[in-house]
There are 2 protein chains.
Amino acid sequence: MVDLNLIQKLSRPSPSKIVLLTIDGLGGLPDPKTGKSELEVASIPNLDKLASQGITGMADPVGPGITPGSAPGHLALFGYDPLEYNIGRGVLEAIGIDIELKHGDVAARGNFCTIDDNGKVTDRRAGRISTEKCVELCRLLSGISMPNVKVSVYPVREHRFVAIFHGEYLDAQVTESDPQQIGVAPLEIKPLVKGDSGAIRLADIANRFISEAKDCLADHHPANMILLRGFSRQPRLPTMQEVYKLNPLAVAIYPMYRGLARLVGMEIAETGNTLEDEFETLNKHYQEHDFFFVHIKWTDSAGEDGDFSRKVKILEEIDAALPGLMELNPDVLVVTGDHSTPSVMQGHSWHPVPVLIVSQYCRPDPVTEFSEKAFLGGGLGRLSSKQIIHLAMANALKLNKYGA
Amino acid sequence: MVDLNLIQKLSRPSPSKIVLLTIDGLGGLPDPKTGKSELEVASIPNLDKLASQGITGMADPVGPGITPGSAPGHLALFGYDPLEYNIGRGVLEAIGIDIELKHGDVAARGNFCTIDDNGKVTDRRAGRISTEKCVELCRLLSGISMPNVKVSVYPVREHRFVAIFHGEYLDAQVTESDPQQIGVAPLEIKPLVKGDSGAIRLADIANRFISEAKDCLADHHPANMILLRGFSRQPRLPTMQEVYKLNPLAVAIYPMYRGLARLVGMEIAETGNTLEDEFETLNKHYQEHDFFFVHIKWTDSAGEDGDFSRKVKILEEIDAALPGLMELNPDVLVVTGDHSTPSVMQGHSWHPVPVLIVSQYCRPDPVTEFSEKAFLGGGLGRLSSKQIIHLAMANALKLNKYGA
């Protein structure tokens with residue numbers, strides 16, 4: 001198996017530049033009314049043109065039938081086996097808002113939520129309170145004092161926050177308090193493994209913290225309770241500098257994707273809140289780096305919302321903005337997604353993701369259209385998402401020959 | 001994973017015959033002027049006809065994006081995982097010129113080179129001295145006496161030779177003296193792992209040998225110095241007799257390919273220097289064996305030289321000679337390459353290699369043309385090169401059913 005060790009041995013620095021344009025939730029499914037997917041409905045002449053120039057295929061982020069979360073989907077795109085490197089959601093949220101975790105810290109993702117008089121959850125997102133309100137409530141929760149452990153609470157946006165448990169002998173192997181449905185009470189947190197004293201300790205602390213938080217928030221309806229999930233500690237990943245000898249930059253608006261990029265050593269660019277901002281940021285830093293991870297979120301959001309036509313519209317907006325990117329004339333352009341998010345499924349799915357690579361060394365294939373169906377006949381065939389970066393590196397002439 | 005152990009359990013001897021026609025560096029890339037690859041430009045009606053009859057696909061020797069050297073490329077074709085079995089260049093060169101390495105011997109590949117008065121390399125190939133001169137100088141170097149170790153020096157061709165270090169406790173994990181560029185002095189050989197006493201010992205001996213060689217060669221400008229690289233010991237591979245229960249014969253003109261074939265247990269046929277000689281040799285020994293590795297080198301050489309039209313011409317010559325091979329009517333004919341060598345890249349590349357299997361049991365596919373693009377639609381799909389021999393064995397009815 002070609003793994004990070006081998007790639008590290010073969011990789012060599014070079015001035016050539018790779019742009020990995022990641023359209024979150026790129027792959028779709030047909031609208032039953034028309035029989036056409038979001039990509040097939042969208043008018044995307046620039047992507048079609050790139051498909052004609054480059055080589056195309058379909059990639060499995062984890063494996064056939066496996067629906068990936070955002071973390072495995074992105075790790076695979078960065079060339080890290082998502083089954084080997086498992087990043088907890090808490091850690092991801094934490095690093096996405098620039099929190100530096102210390103060894104032993106446990107991070108959990110939190111939601112402010114609404115509970116009724118019987119303690120049952122009536123809104124898992126507390127009516128999506130404002131970020132300002134979230135900041136205020138997090139300050140309140142950070143004031144909760146616990147014996148032998150410090151709990152820091154940081155706002156993310158709207159109802160979302162991160163709780164960091166700093167203390168000794170904490171093990172993150174615990175269940176979650178978020179019941180993932182309304183009409184039931186938040187769950188008690190329990191150790192996942194019997195006899196794991198660090199997990200018993202963390203579960204106890206977390207339950208006590210939640211109880212204190214409930215008291216603190218009593219007068220703050222709709223944000224009168226919290227839900228915690230994704231307890232995790234930060235794994236150690238070899239950086240992209242070590243493995244690929246790249247000097248990578250991430251251009252991403254949303255915290256999680258910046259956090260994930262930082263976890264593999266990418267520098268994080270300051271950027272604005274629009275696609276144009278992201279492309280402008282890419283442009284601005286283009287001379288300083290040799291690998292650019294550009295993350296576009298809204299396709300996934302539209303898919304998750306089941307909004308087929310909004311996903312189509314966003315694809316068209318991306319397409320319209322592409323000439324600006326192409327002016328940079330990157331040595332290698334990769335266009336793909338971290339997973340599919342078909343609007344008709346209103347969520348991530350297991351379907352393979354279209355992948356396009358454009359470089360002067362691509363062997364042409366007969367594909368002339370950017371769509372799931374067209375890419376089936378592509379020259380890349382069916383591949384694993386973690387292999388995409390190998391191909392990008394090869395096309396950028398950044399990999400030495402293996403063996404004599 | 002299907003591995004050698006499983007194949008060994010399933011394989012059975014039978015009279016059916018497999019011919020593995022290996023066209024070195026077979027895959028190409030389009031000439032930018034015409035948009036057509038070497039295979040697409042070449043007039044190869046016999047290969048096209050075979051493509052119509054057989055089943056086709058594209059094979060990755062090591063993995064997507066990984067450019068294989070000749071050894072990994074061939075090991076994969078023989079069914080050996082090229083990531084598991086790593087053959088050093090020194091060993092390959094040695095066995096390619098019929099040197100039988102003893103347990104513990106370390107082989108290095110050598111070049112005669114030219115250095116200037118400051119000791120800087122001015123020509124890494126010493127003006128490609130004649131093979132006769134190489135023979136003479138190797139005899140000179142073999143006379144160098146070293147304490148506790150014997151160094152044998154064997155000519156290969158032109159400026160190339162092999163140095164074998166026979167001695168106790170030698171470890172091949174050392175750096176190379178070849179700087180791979182001109183204008184700098186040859187490098188000192190150092191152990192790759194700190195504290196490895198065998199490597200320290202070899203590095204010391206090799207450096208002293210190089211120093212003595214420099215004195216010996218002082219009056220032999222342009223061949224007034226040597227460069228050593230690819231220090232390695234011979235790995236133990238299970239033979240093709242053991243794994244496949246085959247009685248294999250190799251027909252190859254160039255030393256390295258004969259050496260590699262010998263490493264997996266193949267008998268090596270005496271043959272001449274032309275394609276016709278090779279096919280005649282195949283013919284002559286056809287009754288004595290059941291597996292034939294026929295290696296054709298010149299496609300790779302043309303690709304490496306960046307000579308698109310010469311590669312086309314050689315493909316046409318191979319095609320013209322094919323009817324002679326087809327008269328043998330092998331039960332299974334495989335036509336493929338060890339890797340791609342696109343003329344436009346002037347070297348090996350990572351692009352997958354066309355593979356064709358012809359047998360009476362092939363499930364037909366719609367492909368009617370022997371080319372990279374046509375084979376994308378082939379019935380074999382995309383496979384790993386090490387799986388090709390499984391298919392050849394299956395089509396020759398030499399593999400038992402797996403499981404009850």
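The values are calculated or read from the model by the stated rules, or taken from the named source; none is laboratory data. On a predicted model such as this, the values are computed, not experimentally measured, just so you know. As a convention, Cβ positions derive from the backbone with ideal geometry for all residues, glycine included, and neighbour counts pool all protein chains shown.
Here are a few things to note about the model shown:
- Criterion: among the small types (Gly, Ala, Ser), within 13 Å of the chain's Cα centre (by Cα), crowded, with 20+ Cβ neighbours inside 10 Å and closer than 30 Å to B:Lys401 by Cα - qualifying residue of B:Gly73, B:Gly63: B:Gly73
- On the stretch given as the range A:191-205, residues that are out of contact with any Phe, Trp or Tyr (no Cβ under 7 Å at 6 or more places or on another chain), buried (at least 16 other Cβ atoms within 10 Å of the Cβ) and closer than 23 Å to A:Gly119 by Cα total 2.
- Annotation for the range A:1-19: at least one member residue is under 16 Å from A:Val334 (Cβ atoms) and assigned to a loop (DSSP other than H, G, I, E, B).
- Residue in the range A:323-330 that is closer than 29 Å to A:Val2 by Cβ and within 14 Å of chain B (Cβ to nearest Cβ) present: no
- Count of the range A:236-266 residues which are within 26 Å of A:Glu158 (Cα to Cα) and among the charged types (D, E, K, R): 2
- Look at (1) within 30 Å of B:Val41 (Cα to Cα); (2) of a type in the set (A, V, I, L, M); (3) assigned to a loop (DSSP other than H, G, I, E, B) and you find that B:Val312 fails only one, number (3).
- Of the set (1) of a type in the set (Phe, Trp, Tyr); (2) out of contact with any Ser or Thr (no Cβ under 8 Å at 6 or more places or on another chain); (3) under 24 Å from B:Gly379 (Cα atoms), all apply to A:Phe291 but (3).
- Qualifying residue in the range B:213-229 (condition: within 14 Å of another protein chain (Cβ to nearest Cβ), in contact with a Gly (Cβ under 9 Å, 6 or more places away or on another chain) and assigned to a loop (DSSP other than H, G, I, E, B)): no
- Any hit, the range B:318-328, residues being in contact with a helix residue (DSSP H, G or I) (Cβ under 8 Å, 6 or more places away or on another chain) and in a loop (DSSP other than H, G, I, E, B): yes
- Single residue of B:Glu93, B:Glu84 found to be farther than 27 Å from B:Pro222 by Cβ, of a type in the set (Asp, Glu) and either within 12 Å of chain A (Cβ to nearest Cβ) or touching a helix residue (DSSP H, G or I) at 6+ places or on another chain (Cβ under 7 Å) (or both): B:Glu84
- Number of positions in the range B:294-309 that are in contact with a Ser or Thr (Cβ under 9 Å, 6 or more places away or on another chain) and either surrounded by fewer than 17 Cβ atoms within 10 Å (Cβ to Cβ) or not in a helix (DSSP H, G or I) (or both): 8
- B:Ser371 vs. criteria touching a helix residue (DSSP H, G or I) at 6+ places or on another chain (Cβ under 8 Å), of a type in the set (Gly, Ala, Ser) and within 12 Å of chain A (Cβ to nearest Cβ): yes
- Residue selection: A:Ala59 satisfies the criterion of being in contact with a strand residue (DSSP E or B) (Cβ under 7 Å, 6 or more places away or on another chain) and either under 11 Å from A:Leu260 (Cβ atoms) or in contact (Cβ under 8 Å) with a residue 12 or more places away in the chain (or both).
- Taking the criterion of being surrounded by fewer than 20 Cβ atoms within 10 Å (Cβ to Cβ) and farther than 16 Å from B:Ala107 by Cβ, the residues of the range B:148-167 that qualify are B:Asn148, B:Arg157, B:Glu158.
- Some residue of the range A:23-34 being closer than 21 Å to A:His351 by Cβ, among the acidic types (Asp, Glu), more than 14 Å from every other protein chain (Cβ to nearest Cβ) and part of a loop (DSSP other than H, G, I, E, B): yes
- When A:Leu376, A:Leu380, A:Leu397 are checked against the criterion of being crowded, with 21+ Cβ neighbours inside 10 Å and within 14 Å of chain B (Cβ to nearest Cβ), A:Leu380 stands alone in meeting it.
- Taking the range A:1-55 as the range and being of a type in the set (Val, Ile, Thr) and surrounded by 16 or more Cβ atoms within 10 Å (Cβ to Cβ) as the test, the residues that pass are A:Val2, A:Ile7, A:Ile18, A:Val19, A:Thr22, A:Ile23, A:Val41, A:Ile44, A:Ile55.
- Failed criterion for A:Phe209 (all others in (1) more than 30 Å from A:Glu316 (Cβ to Cβ); (2) assigned to a loop (DSSP other than H, G, I, E, B) hold): (2)
- Test: residue in the range B:120-143 that is in a strand (DSSP E or B) and within 23 Å of B:Glu270 (Cα to Cα): no
- Of all residues in the range B:307-321, those that are over 17 Å from B:Ser371 (Cβ atoms) have Cβ atoms under 6 Å from Cβ atoms of residues that are at pLDDT 95 or above, 6 or more apart or on another chain, in B:Arg310/B:Ala302; B:Ala321/B:Leu275; B:Ala321/B:Phe279.
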